[in-house]
Amino acid sequence: MSKATETATKMIESLPESVQDRVVEELRILVEDVREEAKWDALIESKKGGLVAAARKARKEITAGKATDMDFDKL
């Protein structure tokens, strides 16, 4: 266990039990949010190469005059 975790645990233990439960629930929510963010970060990082390649291809097509404006009314 890290020092930071030990410190947080001691701080929580010093609170009344009803307050401890509220704090732990808030921490649970925070940890789940951080885990979700980490999943999204990993997904974006894994797709970055493909996105860069697609952007380069689009740039080449625009330069070569092969690209056309997107018709949003047809979507």
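Which one, Val31, Thr68, Ala42, is farthest towards the positive end of the dipole of the chain when Lys and Arg carry +1 and Asp and Glu -1 on their Cβ?
Checked the options; the winner is Thr68.
Hey, rough spin-label estimate for Arg56 and Ala8, points 7 angstrom out along Cα→Cβ, what's it come to in nanometres?
4.1 nm
Among the lysines, which have Cα under 22 Å from the Cα of Lys39 when same-chain residues fewer than 8 positions away are ignored?
Lys47, Lys48
So which trypsin sites (Lys or Arg not before Pro) in the chain end up in coil per DSSP with only 12 or fewer other C-beta atoms within 10 Å?
On the way: sites: Lys3, Lys10, Arg22, Arg28, Arg35, Lys39, Lys47, Lys48, Arg56, Lys57, Arg59, Lys60, Lys66, Lys74; in loops: Lys66.
Passing sites in the chain are Lys66.
Using each residue's phi in region 42-49, evaluate 6.51 cos²θ - 1.76 cosθ + 1.60 at θ = phi - 60° and report the 3J(HN,Hα) Karplus result to the nearest Hz, with x for Gly and Pro.
Those phi angles translate into 5, 5, 5, 4, 5, 9, 4, x Hz.
Using θ = phi - 60° and the Karplus relation 6.51 cos²θ - 1.76 cosθ + 1.60, list the HN-Hα couplings for region 61-75 in order, rounded to whole Hz, with x at every Gly or Pro.
So the Karplus estimates, Gly and Pro as x, are 5, 5, 4, 7, x, 8, 8, 10, 5, 7, 9, 5, 5, 8, 6 Hz.
Would you mind working out the magnitude of the charge dipole of region 13-75 relative to its Cα centre, with +1 at each Lys and Arg C-beta and -1 at each Asp and Glu C-beta, to the nearest 20 Debye?
In total the dipole reaches around 960 debye.
Here, each number is a calculation from the coordinates, and none is a lab measurement. What you see is a predicted model, and the numbers here were worked out from it, not measured in a lab. As a convention, Cβ positions derive from the backbone with ideal geometry for all residues, glycine included, and neighbour counts pool all protein chains shown.
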